[in-house]
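Encoded as structure tokens, the structure appears first; notes follow it.
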Amino acid sequence: MDHYYYIIYKPYRMLSQFTQEQPNHITLAHLDLAFPKDVYPVGRLDADSEGLLLLSNDNGLKTRLLNPKNSHWRYYWVQVEGQPQEEDLEKLRAGGLSIKLPSKKRYACLPAKAELLAQPPILPERDPPVRFRANIPTSWLRLGLKEGKNRQVRKMTAAIGFPTLRLVRQQIGQWSMPENMQPSDCLQLDKEEVLQLLK
């Protein structure tokens, strides 16, 4: 069986699936791309998040990246409302930050990697753009997690008092989003390159 590997820049408001469950849903099937029939996303991004999404028909890769036993870092660029200070970021790094899961249970997050970016990352404009409020400054963080609970990044930044305005996944494990990618862009990866990265 031939294995295929793709990186796409998932646009804002697009679901990380091919099936349209509601008439107004925008899905991966709306991309002007012809994937082999057995290719599916490796993990997911919420509709209101953007950025790196892997697609493949390699079940071994899916297990490697999605099984919690094989923990790996995921990195995000996060625009937040307000200006976090070092003591705020330390709450993310320390671990134990409490968020609420969809089951209504509380969950203590694992330690994260968090840094304040001196300059915003170079990204395409979002469509629609983030709402601008002249009297409230915004900041950009680079946040790394080794877990992926439901809407976890947004819940973590809200828990320390800085709501997320824009969320872009930049890296999954060994895969980073190439520079200058635009929403809906797709890059097919070489199988040998993928196998080398997995080593």
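Values in this text are rule-based calculations from the coordinates and carry no lab data. Everything numeric here is computed off the predicted structure, so don't read it as measured data. Glycine also receives a Cβ, built like all others from the backbone with ideal geometry; neighbour counts cover every protein chain displayed.
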Karplus-derived HN-Hα couplings along segment 135-140 (A = 6.51, B = -1.76, C = 1.60, θ = phi - 60°), whole Hz, x at Gly and Pro: 8, 10, x, 10, 9, 10
Net length gained if the chain between residue 70 and residue 107 were fully extended (0.36 nm per residue, minus Cα distance): 11.3 nm
Cα centroid separation, segment 51-88 to segment 98-137 (Å): 13
Rounded FRET efficiency, nearest 0.05, which uses the C-beta distance separating residue 63 from residue 33 and R0 of 30 Å: 0.75
Relative contact order of segment 115-199, defined on C-alpha pairs under 8 angstrom at six or more residues apart (%): 27
Backbone HN-Hα couplings from phi across segment 159-170 [Karplus 6.51/-1.76/1.60, Hz, Gly and Pro as x]: 5, 9, x, 9, x, 6, 9, 9, 9, 10, 6, 10
Three-way shape call for segment 11-157 based on the alpha-carbon gyration tensor, with the a/c threshold at 1.5: oblate
Loop-located trypsin sites (Lys or Arg not before Pro) in segment 112-166, at most 10 other Cβ atoms within 10 Å (DSSP): 131, 133
Full-stretch length increase - residue 25, residue 48 - with 0.36 nm per residue and alpha-carbon distance subtracted: 7.0 nm
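Run the numbers for residue 130 and residue 18: contour at 0.36 nm per residue of separation, minus the present Cα-Cα distance, in nm.
On the way: separation 112, 0.36 × 112 = 40.32 nm, distance 2.61 nm.
Fully extending the segment from residue 130 to residue 18 adds 37.7 nm.
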Residue among 118, 47, 29 with the largest mean-square fluctuation in a Gaussian network model of the chain, springs linking Cα atoms under 10 Å: 118
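In terms of the ratio Rg/(2.2 N^0.38 Å) built on C-alpha atoms, what value belongs to segment 19-80?
For segment 19-80, the normalised Cα radius of gyration is 1.30.
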For segment 85-90, 3J(HN,Hα) per residue [Karplus equation, 6.51 cos²θ - 1.76 cosθ + 1.60, θ = phi - 60°, Hz, x = Gly/Pro]: 9, 4, 5, 5, 5, 5
Where GluC sites (Glu not before Pro) in DSSP loops with at most 16 other Cβ within 10 Å are excluded, longest remaining stretch of the chain: 22-124
5 angstrom amide H check on residue 138, placed H, neighbours 5+ away: 82
Whole-Å semi-axes of the ellipsoid equivalent to segment 73-172 (Cα gyration tensor, √5λ, descending): 22, 14, 14
Overall Cα dimensions of segment 95-147, principal axis frame, Å, largest first: 35, 23, 23
Amide hydrogen neighbours beyond the local backbone of residue 166, cut-off 5 Å, H modeled: 79
Sum of -39500 (n - 2.57) over DSSP H runs of 4+, divided by residues of the chain (222 nm, nearest 500): -4500 deg cm²/dmol
Set of aspartates and glutamates with alpha-carbon distance to residue 37 below 16 Å, sequence-local pairs under 8 removed: 2, 58
Amide proton proximity set for residue 53, modelled H, under 5 Å, gap of 5+: 8, 10
Qualifying trypsin sites (Lys or Arg not before Pro) for segment 53-110 [loop in DSSP, other Cβ within 10 Å: at most 15]: 104, 105
